[in-house]
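Working notes, beginning with the structure itself.
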Amino acid sequence: MATVEFRQASRIYDPARPPAVNRVSLTIDDGEFLVLVGPSGCGKSTTLRMLAGLEPVDEGSIFIDGVDVSEVPARDRDTAMVFQSYALYPNMTARQNMAFALENAKVPRATIAEKVARAAKMLELEPLLDVRPGNMSGGQRQRIAMGRAIVRDPKVFCMDEPLSNLDAKLRVATRGQISQLQRELGVTTVYVTHDQTEAMTMGDRVCVLKDGIVQQVDTPTHLYEHPGNTFVAGFIGSPAITLIDGVAIEDGRAVLGEGHVVDLGIERELAARATTGRVITGVRPEAWEILGVGGDRLPDTVPLKVILVEHLGSEAYLYCEPLMTADSTVSIRGGRVVVRADKRRTFRVDDVLSARPRFGESYFFDPATEINLEYL
């Protein structure tokens, strides 16, 4: 087990363009499961490969257990990589794939057999040890790749989107297995994914990246409840948060709707930080309350027209178009509001809802910097 520290680490492919990884500073505790998450091209896989020694560190440093490994070859870093593509040898059995790195390191045969047997038991692979990858399912191959990393007893596991090739049901089962296995082994783990659901359910902490820059690092719950900026708020959570530009601050209140009748419940301390008199407001699907459907619009509400109903069994989501007047001072990013609805109620396309955000359950961001007012 080991601590990992990135100190202003950068990866620069082309000096004429912004760095792929831009001055990342990040500390990962001994035994921690940290998830790097972000959209495609944000630099998360490059960051992981820098840690594993598969990409150079052009600026800054990376430390493992307090030792600067920035110039240390990958083979000498005592990290184990699990790839998206499994990267198994097709002509070898599961046993041979798992033992290969240890055999190259001249580890005694008895020790290899013991380590492979232990890993196979952990991963429930014992019946497959003499089977080749071509005769296995995707989930079984991924477990072989995990076993190959486990037998090395590394200081750090590096996992690069290991579940992306699996079907939805298998992904859920396998991510639970990985989380449980990591807790049992206690090995420091850095895990890359673009799937925010994986990030939220697996990580002790989550690091959100955008354009190679760290946006926020925190526990999954704190990221969701206290996003640092509009990007984090929009990326974490599914369906995504609704962001409303141009919400007015009046007499220490954030107000919405025609005639500014819907009080969103901003704290006065935060309202005082809105120096322009307006804020960006974020409302998650579960924070909307539906007070009426059809008929005349109810007072102190916002009219929303349903354009899509998405039933998920345990709940339903209504994708709505806000019915705003031409002179409205606010605008909805993407032109769409998502509302979580009670599955026991029936909603149809073209229904007009009288809805409003629940008092005190919205997020407020500075219009210029898009940073959460809590952090200003």
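Here are the numbers for this structure:
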{"read-out": "Contacts under 7 angstrom Cβ, first residue in the range 134-161 being on the phi < 0 side of the Ramachandran plot, partner assigned to a helix (DSSP H, G or I) and hydroxyl-bearing (Ser, Thr, Tyr), 6 or more apart", "value": "139/174; 142/174; 160/45"}
{"read-out": "Flag for residue 318 being surrounded by 13 or more Cβ atoms within 10 Å (Cβ to Cβ), outside any strand (DSSP E or B) and among the aliphatic types (A, V, I, L, M)", "value": "no"}
{"read-out": "Condition check for residue 303: farther than 24 Å from residue 343 by Cβ and in contact (Cβ under 8 Å) with a residue 12 or more places away in the chain", "value": "no"}
{"read-out": "Residue match in the range 210-233 (condition: out of contact with any Cys (no Cβ under 6 Å at 6 or more places or on another chain), farther than 22 Å from residue 322 by Cα, outside the structural domain of residue 81 (by TED's automatic domain parsing) and surrounded by fewer than 17 Cβ atoms within 10 Å (Cβ to Cβ))", "value": "no"}
{"read-out": "Residue count for the range 178-228, restricted to those that are under 12 Å from the mean Cα position of the chain (by Cα) and of a type in the set (Lys, Arg)", "value": "2"}
{"read-out": "Members of the range 91-116 found to be assigned to a helix (DSSP H, G or I) and surrounded by 16 or more Cβ atoms within 10 Å (Cβ to Cβ), listed by number", "value": "94, 95, 96, 97, 98, 99, 100, 101, 102, 112, 115, 116"}
{"read-out": "Spans of strands (runs of 3 or more DSSP E) in the range 1-73 with at least 1 residues surrounded by fewer than 15 Cβ atoms within 10 Å (Cβ to Cβ)", "value": "4-11, 21-28, 59-64"}
{"read-out": "From 346, 325, 329, residue being polar (S, T, N, Q), part of a loop (DSSP other than H, G, I, E, B), without any contact (Cβ under 8 Å) to a residue 60 or more places away in the chain and not assigned by TED's automatic domain parsing to the domain that holds residue 222", "value": "346"}
{"read-out": "Test set (1) modelled with pLDDT of 90 or more; (2) in a helix (DSSP H, G or I); (3) farther than 17 Å from residue 48 by Cα - residue 143 fails condition number", "value": "(1)"}
{"read-out": "Only one of 274, 254 that is surrounded by 15 or more Cβ atoms within 10 Å (Cβ to Cβ), touching a residue at least 24 places away in the same chain (Cβ under 8 Å) and not in a loop (DSSP other than H, G, I, E, B)", "value": "254"}
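The values are calculated or read from the model by the stated rules, or taken from the named source; none is laboratory data. These numbers come from a predicted model, not from an experiment. As a convention, Cβ positions derive from the backbone with ideal geometry for all residues, glycine included, and neighbour counts pool all protein chains shown.
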